[in-house]
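Here the structure is laid out as structure tokens; the discussion comes afterwards.
The values are calculated or read from the model by the stated rules, or taken from the named source; none is laboratory data. Predicted, not measured: the structure shown is a model, and the values here were computed from it. Cβ placement follows ideal geometry from the backbone for every residue including glycine, while neighbour counts extend to all protein chains displayed. With ligands, DNA and RNA removed, areas are computed over all heavy atoms of the protein, side chains included. Shrake-Rupley method; radii C 1.70, N 1.55, O 1.52, S 1.80 Å.
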Amino acid sequence: AQSVAQPEDQVNVAEGNPLTVKCTYSVSGNPYLFWYVQYPNRGLQFLLKYITGDNLVKGSYGFEAEFNKSQTSFHLKKPSALVSDSALYFCAVRDKGQGSQGNLIFGKGTKLSVKP
Amino acid sequence: KAGVTQTPRYLIKTRGQQVTLSCSPISGHRSVSWYQQTPGQGLQFLFEYFSETQRNKGNFPGRFSGRQFSNSRSEMNVSTLELGDSALYLCASSSQGATDTQYFGPGTRLTVL
């Protein structure tokens, strides 16, 4: 069965410093991986996805993620954090077990706190 | 293009009642998925509809049901509400394929008293 793990409940970063939010996955076959961000009382906003090709994926708001097949990881990164990046971040994998679409399986989420 | 819209944004119900939530997908999107978000269980998949047919279903009791109309709008219904049904219900739409991105609406916050 497909699964995603986000090992850190919270990540604290100073503004201007680089940030990393970790994600590891377990899937059969090639993974389809996604990152979403959720601000308080809001839905999920899509940041980026990995389907195939270049292991470094660039997304919205200056975020990027690196797909590492040998370590089964898909960590989210940003070179310079902003206070406005403070939010809840979710890693997700597409479940390919049923049908041709498959639902998203989400990690538990990581709360990112960026201090001025 | 307008994003995914969900109505109502907030609902307060009492145990035993039923509730219907509505979702309008992005124009041209034919797939609508529903998720439940709670502090304890996180984000869990409820079901997915594509071209008016339920294509995929999560592990929820039969009290949770849904449907999709010919214009791709979708509704989900929860009957005989329980306290544990209090959650943020999120709807997501996508074109159709397995690699397509799911775009989420703002959610409906359901509180069961």
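Residues in the stretch A:2-19 that are of a type in the set (S, T, N, Q), in a strand (DSSP E or B) and buried (at least 17 other Cβ atoms within 10 Å of the Cβ): 0 in all.
Taking the criterion of being in contact with a helix residue (DSSP H, G or I) (Cβ under 7 Å, 6 or more places away or on another chain) and open to solvent by 50 Å² or more (accessible area, probe 1.4 Å), would at least one residue in the stretch B:9-21 satisfy it? Yes, because at least one residue in the stretch B:9-21 is in contact with a helix residue (DSSP H, G or I) (Cβ under 7 Å, 6 or more places away or on another chain) and open to solvent by 50 Å² or more (accessible area, probe 1.4 Å).
Among the conditions (1) open to solvent by less than 40 Å² (accessible area, probe 1.4 Å); (2) in contact with a Gly (Cβ under 8 Å, 6 or more places away or on another chain); (3) farther than 26 Å from A:Y89 by Cα; (4) within 12 Å of chain A (Cβ to nearest Cβ), the only one that B:C91 does not satisfy is (3). Within the stretch B:63-82, residues that are touching a residue at least 40 places away in the same chain (Cβ under 8 Å) reach partners that are acidic (D, E) with beta carbons closer than 7 Å, at six or more positions or on different chains, in the pairs B:V78/B:D85.
Of the strands (runs of 3 or more DSSP E) lying entirely inside the stretch B:1-71, those containing at least 1 residues that are among the aromatic types (F, W, Y) are B:10-13, B:31-38, B:42-50, B:64-68. In the stretch B:95-113, the qualifying residues are those that are facing another protein chain (nearest Cβ under 8 Å) and part of a strand (DSSP E or B), and the one that is farthest from B:T5 (Cα to Cα) is B:R109.
Restricting attention to the stretch B:72-88, the residues being part of a strand (DSSP E or B) and either open to solvent by 40 Å² or more (accessible area, probe 1.4 Å) or of a type outside the set (D, E) (or both) number 6. Within the stretch B:28-48, the only residue that satisfies the criterion of being at the interface with chain A (Cβ under 9 Å from one of its Cβ atoms), free of Cβ contacts under 8 Å to residues at least 40 places away in the same chain and out of contact with any Lys or Arg (no Cβ under 9 Å at 6 or more places or on another chain) is B:Q44.
Inspect all residues belonging to the stretch A:39-61 and state whether any of them is more than 22 Å from B:G42 (Cα to Cα), part of a strand (DSSP E or B) and open to solvent by less than 60 Å² (accessible area, probe 1.4 Å). Yes; the residues of the stretch A:39-61 include at least one that is more than 22 Å from B:G42 (Cα to Cα), part of a strand (DSSP E or B) and open to solvent by less than 60 Å² (accessible area, probe 1.4 Å). Filtered by the rule that a residue be hydroxyl-bearing (S, T, Y) and within 12 Å of the chain's Cα centre (by Cα), the stretch B:38-60 gives a lone residue, B:Y49. Selection of first residues in the stretch A:47-60 that are more than 12 Å from chain B (Cβ to nearest Cβ) and of second residues that are open to solvent by 50 Å² or more (accessible area, probe 1.4 Å) and in a loop (DSSP other than H, G, I, E, B), restricted to Cβ pairs under 9 Å at least 6 apart or on distinct chains, gives the following pairs, ordered by first then second residue: A:N55/A:K69.
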